[in-house]
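Quick notes on the structure that follows.
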Amino acid sequence: MQFISREVAPRSVWALEQAGVHPLLARLYAARGIHEAHQLDTSLAQLLPPSGLKGIAQAAELLADAIASNKKLCIVADYDCDGATACAVALKGLRMLGAQQVSYIVPDRVVDGYGLTPPIAERVKASGADVLITVDNGIASVEGVATAKALGLQVLVTDHHLPAPVLPNADAIVNPNQPGCTFASKAMAGVGVMFYVLLALRAELRARGAFNAAQQPKLDTLLPLVALGTVADVVKLDANNRRLVAQGLRRIRAGALPAGLASLFAVAGRKAAAATTFDFGFAVGPRLNAAGRLSDMTLGIECLLTDDPTRADELARLLDAINRERREIEGDMREQAYELAEQLFDPDEEPPPAVCVYDPDFHEGVVGIVASRLKDKLHRPTFVFASSQAPGKEHELKGSGRSIPGFHLRDALDLVAKRYPGVLLRFGGHAMAAGCTVAEEHLDTFEQGLMEVAAEWLDAATLTRQLQTDGPLPSKYCRIDMVDVLQQPVWGQGFAPPTFSEELEVVSQRLVAEKHMSLKLKHQGQAIDGIWFGRTEPLPPRAVLAFRLEADEWQGQRRVRFLVEGAAL
């Protein structure tokens, strides 16, 4: 692994320190492109205005008219955490704004597949709805929208995924990534897009005299769910997303969070009063995602919607149990995937430029997680396939891919589809994560096409695992109170959490639970504990390590511990 120290502009550090920012935070912020203190303002007033989103005025008018006419609204959600939170935000927000009849449908991952398909449109119509609203999907649902329109439904698409060349013929589309949209934050998650639609709807209703500024519903109560979905979907935390997440965290820490979210924190063993983005990404989010992977995301959405603490606890415990099952399935699949991948190359050689594995026993709900783990291990764009369980689709393979920096996965799929027409039955996604469906007989051709594109696009530098770090940690900051200081800001994708790197003395090391390395280290002469999760190979007496600060709590005592991320050996 190669460590690269982030560049720090001294003038930016000085300007931030002069504005009262902690010296260490000033250095960390400057290394992440923050030059002035006003860029750290996460107040609601600093949010980008909804008017910048193409199609949002039409969406607000459509919904305001529907509410005035007491039309039945039906939300078509997605089965991941972003889709679940977006659905809950839509339901809660529309009801707050006066909608009397709002329902939702979540496609089944196995039976229905992803997005608004024609059968889903027919189910919406059969439910008696007048207006169909997609959240976190729909931008690629050309056929599904056409079916809905033919059935007499009005259709509002809210999404954030990259569009195909042809857009669906919806009554309104709100997506920062659609052609012609000048909204500055292209990285909003699906839940963020829906929240913005609600802001625009409230403004439209205010203009129509439904209420005034003093009486209008407080949509900021939805921000804890917006924050959760944004972080869990691993979108880039640009300035606007950081504001949304910071506002959500502020309310959660103050105890102003939905009953279901409070219960999810509890079953995960996390403290809502000290909530961080880490909790969203690694504790709460996975428990919601597990429902969509192995069961029915309706459980997750109902948990987020309920105001009954007893019901919330019951649903959270059920989601926790499903997540434990998911971990067991994932563990078995991960080991099998590692073995299959190792057969693709000689152990003394570098892995191929891309990796593609399939086993008939793989569970399609977990292929994305396993692809992510395999990508982390090999540092290669990776696809993991499972046999489709949908009736009549047994010959199809469902694949989920994860990528490395410098390789745009959806664009790669698009090129494979052009070079090998008919091989990809369906595909979509982002730069770093994408999904596709292929006929089992065409898997080898898909793998060949992916390898070709990877060989053309990736060079030796891109294929070398790199980790950006913040350089050495001054010894004066190796204190428990600094752990709390560093946990307050919003860190995440595109605004990486502080990771330091320097040569440390490895005093002792022992294997814990046969899969983690517990370390006794010396940092600039000071004894410090360390832990390297997933590491089994011993370290030399001295090693250049990358690490993050965390609090290790034992018998009521809190001490600094280094969470090791990698080694430049």
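Where a number appears in this text, it was derived from the coordinates with a stated rule and is not lab data. These numbers come from a predicted model, not from an experiment. Reconstructed Cβ throughout: ideal geometry from the backbone, glycine too, with neighbour counts over all protein chains shown.
Numbers for the structure displayed
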{"quantity": "Trypsin sites (Lys or Arg not before Pro) restricted to DSSP loop in segment 502-532 with at most 10 other C-beta within 10 Å", "calculated": "515"}
{"quantity": "Whole-angstrom Cα spans of segment 344-463 along principal axes, big to small", "calculated": "44, 29, 25"}
{"quantity": "Hypothetical label at residue 206: residues of segment 77-120 whose amide nitrogen lies under 15 Å (7 Å Cα-Cβ projection)", "calculated": "97"}
{"quantity": "Longest segment of the chain lacking GluC sites (Glu not before Pro) that sit in a DSSP loop with at most 12 other Cβ atoms within 10 Å", "calculated": "37-348"}
{"quantity": "Shape of segment 99-212, Cα gyration tensor, a/c cut at 1.5", "calculated": "oblate"}
{"quantity": "For segment 110-123, 3J(HN,Hα) per residue [Karplus equation, 6.51 cos²θ - 1.76 cosθ + 1.60, θ = phi - 60°, Hz, x = Gly/Pro]", "calculated": "7, 6, 9, x, 8, x, 7, 8, x, x, 5, 4, 5, 5"}
{"quantity": "Under 5 Å, built H, 5+ apart or other chain: amide partners of residue 172", "calculated": "155, 157"}
{"quantity": "3J(HN,Hα) from dihedral phi, segment 171-184, Karplus parametrisation 6.51/-1.76/1.60, rounded to Hz, x for glycine, proline", "calculated": "5, 7, 10, 10, 7, x, 9, 6, x, x, 8, 9, 4, 5"}
{"quantity": "Residues residue 61 and residue 296, FRET efficiency given R0 of 35 Å [Cβ-Cβ distance, rounded to 0.05]", "calculated": "0.55"}
{"quantity": "Centroid-to-centroid separation of segment 70-126 and segment 410-426 [C-alpha atoms, Å]", "calculated": "29"}
{"quantity": "Inverse mean reciprocal Cα-Cα distance (Kirkwood Rh) of segment 476-569, Å", "calculated": "13.9"}
{"quantity": "23 Å Cα-Cα reach of residue 54 towards lysines, excluding residues that sit fewer than 8 places from it in its own chain", "calculated": "149, 186, 236"}
{"quantity": "Cα coordinate range in the chain, projected on the principal axes (Å, largest first)", "calculated": "72, 61, 46"}
{"quantity": "Potential lengthening between residue 72 and residue 317 on full extension [0.36 nm per residue; Cα-Cα distance subtracted]", "calculated": "85.0 nm"}
{"quantity": "Radius of gyration and maximum dimension Dmax of segment 45-256, Cα, Å", "calculated": "15.9, 48"}
{"quantity": "For segment 45-256: relative contact order, % (alpha-carbon pairs under 8 angstrom, 6 or more apart)", "calculated": "25"}
{"quantity": "Per-residue ³J(HN,Hα) for segment 69-77, Karplus 6.51 cos²θ - 1.76 cosθ + 1.60, θ = phi - 60°, Hz, x for Gly and Pro", "calculated": "8, 6, 6, 8, 9, 10, 9, 9, 9"}
{"quantity": "For residue 189, distant residues with modelled amide H under 5 Å away", "calculated": "none"}
{"quantity": "Approximate spin-label separation residue 476-residue 536, in nm, with each point projected 7 Å along Cα-to-Cβ", "calculated": "4.4"}
{"quantity": "Sparsely packed trypsin sites (Lys or Arg not before Pro) within segment 260-357, loop by DSSP, other Cβ within 10 Å at most 14", "calculated": "271"}
{"quantity": "Segment 483-549, relative contact order [Cα under 8 Å, separation at least 6], %", "calculated": "35"}
{"quantity": "Label-point gap, in nm, between residue 182 and residue 19 - each point 7 angstrom along Cα→Cβ", "calculated": "2.6"}
{"quantity": "Using alpha carbons only: equivalent-ellipsoid semi-axes of segment 140-268, gyration tensor based, whole Å", "calculated": "28, 20, 15"}
{"quantity": "Amide H partners (placed H, <5 Å) of residue 428, local residues excluded", "calculated": "435"}
{"quantity": "Beta bridges by DSSP in segment 317-440, antiparallel share as percent, to the nearest 5", "calculated": "80"}
{"quantity": "CD proxy at 222 nm, helix term only [per DSSP H run n ≥ 4: -39500 (n - 2.57); per residue of the chain; nearest 500]", "calculated": "-12000 deg cm²/dmol"}
{"quantity": "Cα-Cα P(r), segment 97-136, percent of pairs per 5 Å interval", "calculated": "5, 20, 33, 22, 11, 6, 2"}
{"quantity": "The chain - percent relative contact order, Cα under 8 Å, separation 6 or more", "calculated": "12"}
